[in-house]
Amino acid sequence: MHIFKKSSKLDNVLYDVRGPVVEEAARMEERGTHVLKLNIGNPAPFGFRTPDEVIYDMSQQLSDCEGYSPSQGLFSARKAIMQYSQIKKLPNVTINDIYTGNGVSELINLCMSALLDNGDEILIPSPDYPLWTACATLAGGKAVHYICDEQSDWYPDIEDMRRKITNRTKALVIINPNNPTGALYPKEVLQKIVDLAREHHLIIFSDEIYDRLVMDGKEHISIASLAPDLFCVTFSGLSKSHMIAGFRIGWMVLSGNKAIAKDYIEGIKMLSNMRLCSNVPAQSVVQTALWGNQSVNDYLVPGGRIYEQREYIYKALTDIPGITAVKPQAAFYMFPKIDVKKFNIVNDEKFALDLLQDKKILIVQGSGFNWKQPDHFRVVYLPRIEVLKEAVGKISDFLSYYRQG
């Protein structure tokens with residue numbers, strides 16, 4: 001009998017945000033066990049509602065959204081994104097430089113497929129959002145991970161980036177604000193990255209999906225605004241800032257020196273055309289969402305849900321003996337460090353699995369974000385404080401007796 005196997009292209013691909021530990025959680029739920037999911041940035045299950053005007057505007061336009069849109073997106077959506085890009089000071093952007101997608105995820109895949117030949121290298125942060133590494137690998141490229149330094153508020157280690165650039169390196173990726181660490185990069189760090197990209201003639205890919213989820217009075221700066229002479233691709237969307245993850249609407253903006261990427265842009269256009277277009281009803285609310293009342297702002301200040309939940313989870317987790325963390329400044333993730341000697345942890349996936357089976361709490365282990373040491377995990381702090389309180393109590397109790405091996 002002939003056995004069909006998965007493609008060997010998937011051998012080095014990992015996406016543990018929805019991986020083996022999540023599959024075990026699904027099996028537990030099928031048996032009737034309630035699992036608290038702190039593994040994925042999905043606002044809706046935790047009571048974050050889409051703004052009413054967004055729902056209303058989509059309902060009013062549904063009958064106009066039954067056909068395909070142009071492959072790059074509706075004019076109204078791209079115009080709104082272009083204006084937003086101008087406010088973020090992205091240089092040399094026209095409406096033809098905007099591409100909408102079914103979330104940023106689709107566009108990351110599209111960009112990697114259009115760029116990378118077998119053996120081409122691309123610098124990706126560690127820890128990363130694992131889709132970047134997966135898409136680069138699937139495209140035949142080699143993801144080379146540079147270190148983000150926990151001792152320096154999780155900022156990229158510029159010297160480590162420099163050491164890892166070779167004559168095969170085509171581009172570098174930054175995730176700012178960062179997932180999984182919640183770090184926000186200041187201008188001086190961004191400038192050093194631009195200088196490095198300029199020195200080695202690299203494309204900059206900047207994943208900025210959380211750019212409107214910034215706390216503590218900080219300001220998000222788009223790296224492309226500092227690099228008018230380089231070719232940059234900036235990604236953003238509405239899933240997180242407007243609590244509409246299920247609508248699947250993201251975009252990318254090509255900026256800066258497009259002349260040096262003419263052929264690559266042709267490749268992007270070709271792949272964009274091949275998937276016909278992104279979700280048209282979701283495109284129809286981009287203008288309303290970007291330029292209407294920004295209800296998310298109320299969540300990000302003292303008294304607001306995301307702010308207060310961040311304050312609580314940071315203090316509560318770091319009060320547990322053996323857990324330390326850098327306080328996140330953006331998004332809704334934290335990437336705590338576990339004292340592996342204290343708990344004798346050698347396998348962080350086993351740690352996540354044991355926590356799930358013992359306490360019915362689902363987190364993602366650090367290795368799921370291409371972090372090489374078994375000493376971190378990511379928590380999502382979207383649940384209300386009373387739910388987080390219960391979760392931290394269970395994690396604390398678990399760590400009071402847990403020893404691996």
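Data for the structure
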| quantity | calculated |
| --- | --- |
| Which numbered condition GLU24 fails, given (1) open to solvent by 30 Å² or more (accessible area, probe 1.4 Å); (2) at negative phi | (1) |
| Count - residues of segment 189-212 that are in contact with a Pro (Cβ under 8 Å, 6 or more places away or on another chain), aliphatic (A, V, I, L, M) and buried (at least 23 other Cβ atoms within 10 Å of the Cβ) | 1 |
| Failed criterion for ILE174 (all others in (1) within 17 Å of the chain's Cα centre (by Cα); (2) within 17 Å of GLY250 (Cβ to Cβ); (3) assigned to a helix (DSSP H, G or I) hold) | (3) |
| Verdict on GLU53 being in a helix (DSSP H, G or I) and open to solvent by less than 40 Å² (accessible area, probe 1.4 Å) | no |
| Residue selected from segment 244-276 under the condition open to solvent by 20 Å² or more (accessible area, probe 1.4 Å) and part of a loop (DSSP other than H, G, I, E, B), by the criterion nearest to SER295 (Cα to Cα) | ARG248 |
| Pair list, Cβ < 6 Å and 6+ apart or interchain, from segment 137-150 residues that are among the aliphatic types (A, V, I, L, M) to residues that are in a strand (DSSP E or B) | ALA143/ILE124; VAL144/GLU121; VAL144/LEU123; ILE147/SER126 |
| Verdict on LYS164 being open to solvent by 30 Å² or more (accessible area, probe 1.4 Å), under 19 Å from GLN329 (Cα atoms) and of a type in the set (Lys, Arg) | no |
| Single residue of VAL387, VAL340 found to be more than 23 Å from the chain's Cα centre (by Cα) and under 30 Å from ALA143 (Cα atoms) | VAL340 |
| Cβ pairs under 7 Å, 6+ apart, first in segment 173-196 and of a type in the set (Ser, Thr, Tyr), second open to solvent by 10 Å² or more (accessible area, probe 1.4 Å) | THR181/VAL326; TYR185/TYR155 |
| Residue within segment 296-314 that is among the small types (Gly, Ala, Ser), touching a residue at least 40 places away in the same chain (Cβ under 8 Å) and either crowded, with 17+ Cβ neighbours inside 10 Å or in a loop (DSSP other than H, G, I, E, B) (or both) present | no |
| Pairs where the first residue, in segment 103-118, is part of a loop (DSSP other than H, G, I, E, B) and the second is open to solvent by less than 50 Å² (accessible area, probe 1.4 Å) and of a type in the set (Val, Ile, Thr), C-beta under 8 Å, 6+ apart | LEU116/ILE122 |
| Matching residues, segment 361-391, being open to solvent by 10 Å² or more (accessible area, probe 1.4 Å) and in a helix (DSSP H, G or I) | SER367, ILE385, GLU386, VAL387, LYS389, GLU390 |
| Segment 85-102, subset in contact (Cβ under 8 Å) with a residue 60 or more places away in the chain and open to solvent by 30 Å² or more (accessible area, probe 1.4 Å), residue farthest from VAL286 (Cα to Cα) | ASN92 |
| Number of positions in segment 204-230 that are in a strand (DSSP E or B) and touching a residue at least 60 places away in the same chain (Cβ under 8 Å) | 3 |
| Pair list, Cβ < 7 Å and 6+ apart or interchain, from segment 261-289 residues that are without any contact (Cβ under 8 Å) to a residue 12 or more places away in the chain to residues that are in a helix (DSSP H, G or I) | ILE265/LYS258 |
| Residue count for segment 341-360, restricted to those that are touching a strand residue (DSSP E or B) at 6+ places or on another chain (Cβ under 8 Å), part of a helix (DSSP H, G or I) and touching a residue at least 40 places away in the same chain (Cβ under 8 Å) | 5 |
| Residue that is surrounded by the fewest Cβ atoms within 10 Å (Cβ to Cβ), among those in segment 27-50 that are assigned to a loop (DSSP other than H, G, I, E, B) and among the hydrophobic types (A, V, I, L, M, F, W, C) | ILE40 |
| Residues being over 30 Å from GLU30 (Cβ atoms), in contact with a Pro (Cβ under 8 Å, 6 or more places away or on another chain) and not in a loop (DSSP other than H, G, I, E, B) - total across segment 324-340 | 3 |
| Residues located in segment 343-396, provided they are aromatic (Phe, Trp, Tyr), within 23 Å of PRO125 (Cβ to Cβ) and in contact with a Leu (Cβ under 8 Å, 6 or more places away or on another chain) | TYR381 |
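The values are calculated or read from the model by the stated rules, or taken from the named source; none is laboratory data. No experiment lies behind these values; they were computed from the predicted model shown. Cβ sites come from the backbone with ideal geometry, for glycine too, and all protein chains shown count toward neighbours. Note: accessible area is taken over every heavy atom of the protein model, side chains too, but ligands, DNA and RNA are not part of it. Shrake-Rupley method; radii C 1.70, N 1.55, O 1.52, S 1.80 Å.
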